[in-house]
1. Mind checking which lysines have their Cα closer than 28 Å to the Cα of Lys196? Skip sequence neighbours fewer than 8 apart in that chain.
2. Sort 165-174, 71-80 for me by packing, meaning the mean count of neighbouring Cβ atoms within 10 Å per residue, highest on top.
3. Sorting Leu151, Leu110 on the 10 Å Cβ count, fewest up front, what's the list?
4. Provide Phe120, Phe69 in ascending order of the number of other Cβ atoms located within 10 Å of each residue's Cβ, fewest first.
5. Run the simple label-point estimate for Tyr68 and Glu88 please: 7 Å along Cα→C-beta, distance reported in nm.
6. Arranged by the count of other C-beta atoms within 10 angstrom, fewest first, what order do His164, His50 take?
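Nothing in this text is a laboratory measurement; each read-out follows from the coordinates by a stated rule. Remember, it's a predicted structure, so these values are computed and weren't measured experimentally. Because the Cβ atoms are built from the backbone with ideal geometry, glycine has one as well, and the counts that use them run over all protein chains shown.
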Amino acid sequence: MRDEDILKELEEYRRIIRGILEVFESIPFHIVIKIATDRDVEDFNLSNAHDRSLVEDLKLLADITMSYFYDSIISIGRINEVSNYLEEQVPIMFKNNKHCFKVIQDVRRLGGSGYPDLIFLDVYGGVTYIDIKATQRPNTGSPRDFYITPLRETRRKINHSGKHCVLGFVIDGKPNSFKIVGWKLVNLYNIRLRLKPEFNCTNLELYREENILAENNIELINDKDGRYMYR
């Protein structure tokens, strides 16, 4: 390939990649879900009596969970695993106190990995998807505090239009003695997401014969000394 052709190709790739990065710098959550699942994300409207009642029930469930796990320690060694534990416990908290709720009819775990963790069904026929988070540092952040990979698992889970939230529990304590000291209910509708670009390949591509500059292996010589040698 001639030098001018290489430069032309490089400039074209530069234009394409820069354009992709700029477009995906700040995307509203509801757009990502709509494109990935063909389901609408519904915003909360607190002037609507139905939405107000739903939020009151969600607050009540968060309070019940917080109160329980303030008095009863969470015996888990790593803070990263507390979220998974609470994902299991929130539906139990609902079931054990179901008579207290006016709007929420059922809370189910969706299983698998990735967003979201739970689905809430209400008396109005509405659906609310909730992701459970646990943090000891609610006022500091890193890019992966909340992330979504809208691939097969997320598409499997989100099969209704509905509202989307994070229920983030604030955790205090130390390993094997954590407790909940607060919570935050977050409407995800307008949360801005940033795409983290990643170029990747499989081992089939990585270790293609024509790209290998050198290689070596160790083999055991089958003798009484059990010596090793280079092939």
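1. Straight-distance partners of Lys196: Lys8, Lys34, Lys133, Lys157, Lys163, Lys184.
2. Details: 165-174: 18.8, 71-80: 12.9.
Going by the mean number of other Cβ atoms within 10 Å, highest first, we get 165-174, 71-80.
3. Numbers: Leu151 10, Leu110 19.
Result, fewest neighbours first: Leu151, Leu110.
4. Working: Phe120 25, Phe69 22.
The order, fewest Cβ neighbours first, is Phe69, Phe120.
5. It is 1.3 nm.
6. On the way: His164 26, His50 13.
So the residues, fewest neighbours to most, are His50, His164.
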